[in-house]
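Colleague: Sending over a structure as structure tokens; questions will come in a sec.
The values are calculated or read from the model by the stated rules, or taken from the named source; none is laboratory data. Bear in mind that the values here come from a model prediction, so they are computed numbers and not experimental data. Cβ: placed from backbone, ideal geometry, glycine included. Neighbour counts: every protein chain shown. Side chains included, ligands, DNA and RNA excluded: accessible areas come from the protein's heavy atoms. Shrake-Rupley method; radii C 1.70, N 1.55, O 1.52, S 1.80 Å.
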Number of protein chains: 4
Amino acid sequence: MPPQPIPAVQAHRYDWPMSAPAPSARRASSRGRIDKRQAILQAAFTVFAAQGYELTSVQEIAAEANVAKATVYSHLDDKEQLFRQTMATVAEAVLADSLAAVDRLRAVGDDLRAVWEDVADELVRVCCDERARALRSLAYAQVARFPDLIADVQGRTSVRLAEALADRIARLSLSGRIRPADPTCAAEQFLALLTGPIETRSRMGTREIPAEELLVVSRSAVDTFLRAYAADS
Amino acid sequence: MPPQPIPAVQAHRYDWPMSAPAPSARRASSRGRIDKRQAILQAAFTVFAAQGYELTSVQEIAAEANVAKATVYSHLDDKEQLFRQTMATVAEAVLADSLAAVDRLRAVGDDLRAVWEDVADELVRVCCDERARALRSLAYAQVARFPDLIADVQGRTSVRLAEALADRIARLSLSGRIRPADPTCAAEQFLALLTGPIETRSRMGTREIPAEELLVVSRSAVDTFLRAYAADS
Amino acid sequence: MPPQPIPAVQAHRYDWPMSAPAPSARRASSRGRIDKRQAILQAAFTVFAAQGYELTSVQEIAAEANVAKATVYSHLDDKEQLFRQTMATVAEAVLADSLAAVDRLRAVGDDLRAVWEDVADELVRVCCDERARALRSLAYAQVARFPDLIADVQGRTSVRLAEALADRIARLSLSGRIRPADPTCAAEQFLALLTGPIETRSRMGTREIPAEELLVVSRSAVDTFLRAYAADS
Amino acid sequence: MPPQPIPAVQAHRYDWPMSAPAPSARRASSRGRIDKRQAILQAAFTVFAAQGYELTSVQEIAAEANVAKATVYSHLDDKEQLFRQTMATVAEAVLADSLAAVDRLRAVGDDLRAVWEDVADELVRVCCDERARALRSLAYAQVARFPDLIADVQGRTSVRLAEALADRIARLSLSGRIRPADPTCAAEQFLALLTGPIETRSRMGTREIPAEELLVVSRSAVDTFLRAYAADS
DNA sequence: AATGAATGAGCTTTCATTCAT
DNA sequence: AATGAATGAAAGCTCATTCAT
């Protein structure tokens, strides 16, 4: 009888691009080791996202990554480090996508509303993304166990996102498209108008939000935001 | 040597009023049993709030409630029910406070802004309340384990709160103080403007928000809300 | 929430006649107490028989007897005494029935075989009786826990039955119907021929033996017994 | 201070030969694992036999096998499987011995009685064997908890033994040494004549039967059996 | 470097038993 | 006498982690 035949977890699998070093820079064996570490981290996020931190055993992660349990420990110190590394890696990836959405505000044409709607739609897409939702959910869930982790994850995501958005708003303010106001506060409110209703309506990810409902939320957010912050034309 | 000398948990203690039946309605012994059940639920919330569901052992709850572990099991079926009952009870209490805040919108005087600021301040107080924060946090954290619980808790708190708020907004709309708009959407946005920034700034409750910062958030929320929804005077 | 609402056990219920004292000999209240003790013992045997000693909780017995758990303890010292008393009481009842069957050998007519077949059938009936089977089964099952109990139960049943049977055989031997042989040994063998195959075929009571199969066993036992022990006519 | 200093169980220790695979067929490490599994099963039988299923804790089995409790669980799924595997393994071993005894009937010389006495003595030896007794006793005792186990154990022991014996009787019948009769019934009765009195006299294993008493039982069984079944010479 | 095997520590849950009313 | 309530003690089981191969 094989000792622990853990079945593979039924869940989304998350693969993300790594900032891969140049292939020639490292020997093949070293490369293989990095690949395995990579595989373990991805497996870890897949399983953590599906089951949460506590309900996930290291055994399950090892099975998902097709390695032995001890191999996981040879790459990451313990379950805590495994979790932290996983979260950091995913947070980085989510942030990149979010920033890309905000960057669309760098080129604002005549139609101010159109651009904001575009950004809002894109951010909604990122917010509803399984990966982003799982990331937030995991971070929130572990506040009691790893109180510092939340700052870390939020620092890498919401905060930097809000800052980037505030930058755009400041520029729009200078160019007279947005009325004079604290850009940080405005950015914070825009994100709140967008994500707040979505979190509520999705019941923290346990309910699927229909596309048209998402659109309503997105449009309403932009509408309220522009009513409050658009410069009087 | 007592076998399990669990030290008392260092944490806030939460006592909430129960909808107490008339004292004469029950015999003393029955009353005593209810009191003990009450004590167990309060102890449970105290410890759960401080440590989270998984890190909390039933033993610790028993110690906090000054009863034997088996006594806990004689009142609540198992750890899961203990958690659910605790959450339900606290959610009810939080909801009552929130609704009281919103009720202030029933009597709106000349100064529309003044009333909304009053409501906002009161809701912020409830939002930053340790008890409410812990409730949300615990619910979020257990999405993976008890997916239905989140709907239950949100149903008893955010959703009913938003409905009550929407009712007020609808009346204000009819009386011409708020411009015609979907009251549900408006209520949802008002709450998002209030709680979103607070959750972010408090780092999900791991950081204390200074009073003046809270005031800024509250005032900004009202300002944006009224800019977007106040009837053109 | 009532603490332990144990559902009644789905099982045969065993009521047996008690050697009732004369009604006038005791006060009514005392009579009630005896009745309750009686009810507890019967309930105990019902539940023990259905579930075995270990899987039966005192709570279940109390529920079956419609009394509180503590009441059981006020009548019987502890679970062990409860079990022993129950077993002794039932053993007495079973023995009475068995002895009645053997008594039919007191009046042997011309047809020796007919009488033995009658006795065999009657004993088979007692052997397959749920009550007798449960008694043996419970005693066997607790050899490890109560090693002396088995002697007690066997002493009150098989041994005294074998003795009674040996008495009859001795008389038949004297009267020339049975060949000279050790009556004890003969009695023992007759019972073995009867009960051995039945225990095996019933898989210790887990399988129902069809009536015709029982008849075969019974007839075969008598046949073999008479071939070995009937006097040469 | 070790937390669980379980003392070793005072009891017979049962080692039985395993159908060992060729040593070269497996790697040393795998061999080691099998050895340990073997040790655990033997320890389990030792402790189960001494204390019964319910009074035996997995902890005690682990101690007897000189492994940690968790190691037991890594080899066998849970206490139930541990018990079933143990019983199956021992049943197989007991059966082998019993069949060997019956095989002596393949070569019947002139003296029919002598062969049967030889077989009877050998079977009595197997029946009184601590190991066989414990096996039956454990199976009987767990009828309530594992109703199917009894069929399994009896299937592997009594039933197959009776069949083998019936085969021999059939051949003896064909060769005219045993009178024409149902061989199955005859086999069943022979075993009943042998084991019935022994179980009764040994008080289900709680009393040691003196050697001369065993001889009486054995001789009487053969005598009665041959009187009933030997062909008229 | 990778892994099979083993383990220490801990947690949930049950239950016989006692005690105050 | 009867009972609701409370509890001490123990058992089954899991899992993160280590170590020899």
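Colleague: Can you compute 3J(HN,Hα) from phi for each residue in segment D:209-216, using the Karplus curve 6.51 cos²θ - 1.76 cosθ + 1.60 with θ = phi - 60°, rounded to whole Hz and x for Gly and Pro?
Modeller: 8, x, 4, 5, 5, 4, 5, 4
Colleague: Threshold 20 Å², probe 1.4 Å: give the residues of segment A:165-189, in number order, that are less accessible with all protein chains present than with their chain alone.
Modeller: Buried on complex formation: A:R179, A:C185, A:E188, A:Q189.
Colleague: If you don't mind, another one. Helix D:183-201 sits at what angle to the longest principal axis of chain D, using alpha carbons and giving 0 to 90 degrees rounded to 10?
Modeller: Roughly 60 degrees between the two axes.
Colleague: Which residue is it, in chain C, whose C-beta lies closest to the C-to-B rotation axis, and what is that distance in whole Å?
Modeller: C:A70, 4
Colleague: How high is the relative contact order of chain B? Use alpha-carbon pairs under 8 Å, at least six apart in sequence, and give a whole percent.
Modeller: So the answer I get is 18 percent.
Colleague: Compute the label-point distances linking D:G155 to its equivalents in the other copies; points lie 7 Å from Cα along Cα→Cβ; give nm, one decimal, shortest first.
Modeller: 4.0, 4.8, 6.5
Colleague: Calculate for the protein assembly as shown the 222 nm mean residue ellipticity that helices alone would give, adding -39,500 (n - 2.57) per DSSP H run of length 4 or more and normalising by residue count, nearest 500 deg cm²/dmol. Don't skip to the answer; put the middle values down first.
Modeller: On the way: 40 runs with 613 residues, N = 932.
Counting only the DSSP helices, I get -21500 deg cm²/dmol.
Colleague: Using θ = phi - 60° and the Karplus form 6.51 cos²θ - 1.76 cosθ + 1.60, what ³J(HN,Hα) does each residue of segment A:83-89 get, whole Hz, x for Gly and Pro?
Modeller: 5, 4, 4, 4, 4, 4, 4
Colleague: Just to confirm my numbers, what's the Cα centroid distance between segment C:126-162 and segment B:50-89 in Å?
Modeller: So the two Cα centres are separated by 45 Å.
Colleague: Anything over 25 Å Cα to Cα? Flag those among B:K69/C:K36; C:K69/D:K69; A:K69/D:K36, in the order listed.
Modeller: Over 25 Å apart, Cα to Cα: B:K69/C:K36; C:K69/D:K69.
Colleague: How far is D:A231 from itself in the other copies, in nm, if each label sits 7 Å out from Cα along the Cα-Cβ line, shortest first?
Modeller: Shortest to longest, the spacings are 3.2, 12.0, 12.4 nm.
Colleague: Looking only at other chains, what is the average number of their beta-carbon atoms within 10 angstrom of each beta-carbon in D:198-209?
Modeller: 5
Colleague: Label segment A:111-233 by shape, choosing from rounded, prolate and oblate, from the square roots a ≥ b ≥ c of the eigenvalues of the Cα gyration tensor; if a/c is under 1.5 it is rounded, and otherwise prolate applies when a/b is larger than b/c, oblate when it is not.
Modeller: It is oblate, given that a/c is not under 1.5 and a/b is not larger than b/c.
Colleague: Which distances, in nm and shortest first, link the B:R13 label point to the same label point in every other copy, taking 7 Å along Cα→Cβ?
Modeller: 5.0, 5.3, 5.6
Colleague: Ignoring ligands, DNA and RNA, what percent of the 1.4 Å accessible area of chain C is carbon and sulfur?
Modeller: Working: 5470 of 10890 Å².
Carbon with sulfur: 50 percent of the solvent-accessible area.
Colleague: Moving to a separate point now. Considering protein heavy atoms only and a 1.4 Å probe radius, which residues within segment B:120-150 exhibit an accessible-area decrease of no less than 30 Å² in the full assembly relative to the chain by itself?
Modeller: Residues of segment B:120-150 that lose at least 30 Å² of accessible area once the other chains are added: B:Y140, B:A141, B:V143, B:A144, B:R145, B:I150.
Colleague: Oh, and also: Dipole of segment C:171-226, Cα-centred, from +1 at each Lys and Arg C-beta and -1 at each Asp and Glu C-beta, to the nearest 20 debye?
Modeller: For segment C:171-226, the charge dipole is close to 140 debye.
Colleague: So, for chain D, what is the accessible surface per residue at a probe of 1.4 Å, expressed in square angstrom?
Modeller: 47
Colleague: While we're on this one: C plus D alone minus the pair: what accessible area, both sides summed, probe 1.4 Å, in Å² to 100?
Modeller: 3100
Colleague: Same structure again: Mind running the shape call on segment B:116-179? Use the C-alpha gyration tensor, a ≥ b ≥ c as the square roots of the eigenvalues: rounded below 1.5 for a/c, prolate if a/b tops b/c, oblate otherwise. Mind dumping the intermediate values first?
Modeller: Numbers: a/c = 4.76, a/b = 1.87, b/c = 2.54.
Because a/c hits 1.5 or more and a/b fails to exceed b/c, segment B:116-179 counts as oblate.
Colleague: Determine the shape class of chain B: with a ≥ b ≥ c the square roots of the Cα gyration tensor eigenvalues, call it rounded for a/c under 1.5, and otherwise prolate if a/b is greater than b/c, oblate otherwise.
Modeller: Working: a/c = 2.62, a/b = 1.97, b/c = 1.33.
Cα axes put chain B in the prolate bin.
Colleague: Whole-Hz Karplus ³J(HN,Hα) for segment B:48-64, in order, using 6.51 cos²θ - 1.76 cosθ + 1.60 and θ = phi - 60°, x for Gly and Pro?
Modeller: Along segment B:48-64, the couplings run 4, 5, 7, 10, x, 5, 6, 6, 8, 9, 4, 3, 5, 4, 4, 4, 4 Hz.
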